[in-house]
Amino acid sequence: MITQPIRSTKPVAIWLLIGVFMIMVQVLLGGITRLTGSGLSITEWAPIMGTLPPMNETEWNQAFDQYKQIAQFKYVNSHFELADFKFIFFWEWFHRLWARLIGVVFLVPFIIFIVQKRFNRHMIQPLVILFLLGLLQGLVGWIMVQSGLDDSELLYVSHYKLAIHFILALGLLVYTLWFALKLLVPTHRLSPLPALRKGLYWLIGLLTLQLIYGAFMAGLKAATAAPTWPDINGHFVPENLSQFGGRTYSGVSALFDHPLLVHFIHRNLAYVIAVLVLIWSYRAWRQNGSAFFKTWRSWPLILVIVQVVLGIFTVLYAASPSSLLWLGVSHQAGAMLLLMSLIVCLYATLQPKDNAAAARR
């Protein structure tokens, strides 16, 4: 009986890792878009025609006139000339263009791999989930932008919607990375270390909460509200929390809406995570695992130290828009790398049977 040779899945794994890189770039472009206030500069969603920016002065003026109708222009950027509008338009357009490019990079190799019969039946469900996550991310992004495209008092998109958009992007990033790891790392390279794995679940959970608060920080411009360290405007615990910026805060909602309180939580969560990563790393160094595990076990500590330092400098230079932009984006990149390092370590500590079960799902 003649059997067909099993096609290598390595090209699929490389394709997924390219996707991981592109998603990271997309998240960073989202950060730039937010920090430059560019997110509401394009007032319509044209998935096909929107690929091209305005091509002449008439089209630019039409786009600018549409932007002038929303509250952000009237109450924040009424001083803008066409050149200013072109600057913020570029970042939002590039953010959307990169999302379209991700779609192309997903679809074209997907079709090629189907023709080459590189997908086995265990890959179908993860691929469908990837596709649905990508669609959901685009939909949430447009809903987020649309919420600010009116003449209401909403000058920027909601920090809650921003956080949802951000976390969904990270979920897509992590899922893609995990899928690639399943194809690249055979079970004999894993180190079944249940105690370390349990610690990683806690760290990933805390880091997810921290990332949500990082989105709140960006959405509420909380770094500029307290550009000091190690104190917060002269206090280690913010004072007068009931009043800030002409607004009254009360109840549980202040934990998510008050810029100084959000800043305080985000900053102290960073300290807690750094200490816990140090403890986990010490325990990991005492274990004799596989070469794959040993390669990755030091990265969470390295990256969390870099993150803390970047966070400090981001706060200290928050008063400078250009410094805040590039330090903030670097801080965001560090957060993604830290999350990915924890995910790789989690994968490295799986029980082989857990990995086999995961591959069957």
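Nothing in this text is a laboratory measurement; each read-out follows from the coordinates by a stated rule. Being a predicted model, the structure only gives us computed values, none of them experimental. For neighbour counting, all protein chains shown are included, and Cβ atoms are generated from backbone atoms with ideal geometry for every residue, glycine included.
Summary of computed values
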| quantity | calculated |
| --- | --- |
| Cα centre as origin, Lys/Arg/Asp/Glu Cβ charges: the chain dipole, Debye | 2260 debye |
| Nonlocal Lys pairs with alpha-carbon distance under 28 Å, the stretch 1-184 (8 or more apart, or different chains) | 8 |
| Cut-off under 5 Å, modelled amide H: who pairs with Phe244 long-range | Tyr249 |
| Neighbour count of at most 16 Cβ within 10 Å plus DSSP loop: longest chymotrypsin sites (Phe, Trp or Tyr not before Pro)-free window in the chain | 237-361 |
| Coordinate range along principal axes, alpha carbons of the stretch 1-184, Å, largest first | 76, 35, 19 |
| Descending semi-axes in Å of the chain, equivalent ellipsoid built from Cα gyration tensor | 38, 30, 15 |
| Choice from Ala223, Ala99, Ala254 with maximal GNM fluctuation in the chain (Cα, 10 Å cutoff) | Ala254 |
| Cβ-derived FRET efficiency at R0 22 Å, Trp229 paired with Tyr75, nearest 0.05 | 0.10 |
| Zone of Val104's modelled label, taken as backbone nitrogen in the stretch 73-95 under 16 Å from a point 7 Å along Cα→Cβ | 93-95 |
| Cα gyration tensor shape of the stretch 31-111, rounded if a/c is under 1.5, else prolate or oblate by comparing a/b with b/c | prolate |
| Backbone HN-Hα couplings from phi across the stretch 292-298 [Karplus 6.51/-1.76/1.60, Hz, Gly and Pro as x] | 5, 5, 5, 5, 9, 5, 8 |
| Tilt relative to the chain, helix 159-184 - C-alpha long axis, 0 to 90 degrees, to 10 | 20 degrees |
| Exposed-site-free run, longest, the chain (rule: GluC sites (Glu not before Pro); DSSP loop; at most 16 other C-beta within 10 Å) | 240-361 |
| Sequence of Leu316, Leu16 once ranked by neighbouring C-beta atoms within 10 Å, starting from the fewest | Leu316, Leu16 |
| C-alpha long axis of helix 194-220 to longest principal axis of the chain, angle in ° | 20 degrees |
| Ellipticity estimate at 222 nm from DSSP helix runs (n ≥ 4, -39,500 (n - 2.57)) divided over the chain, nearest 500 | -23500 deg cm²/dmol |
| Gain upon complete extension [Tyr282, Trp45; 0.36 nm per residue less C-alpha separation] | 80.4 nm |
| Calculated P(r) of the stretch 206-271 - Cα pairs past 14 Å, % | 54 percent |
| Global form of the stretch 165-210, assessed from the alpha-carbon gyration tensor, a/c cut-off 1.5 | oblate |
| Gaussian network model of the chain, Cα within-10 Å springs - most flexible of Ile112, Ile312, Ile129 | Ile112 |
| Relative contact order for the stretch 1-184, counting Cα pairs under 8 Å that sit 6 or more residues apart, in percent | 40 percent |
| In degrees, nearest ten, helix 259-285 long axis to first principal axis of the chain (Cα) | 20 degrees |
| Shape call, the stretch 131-265: gyration tensor on alpha carbons, a/c limit 1.5 | oblate |
| Inter-site label distance for Leu316 and Leu136 at 7 Å from Cα along Cβ, in nm | 4.0 nm |
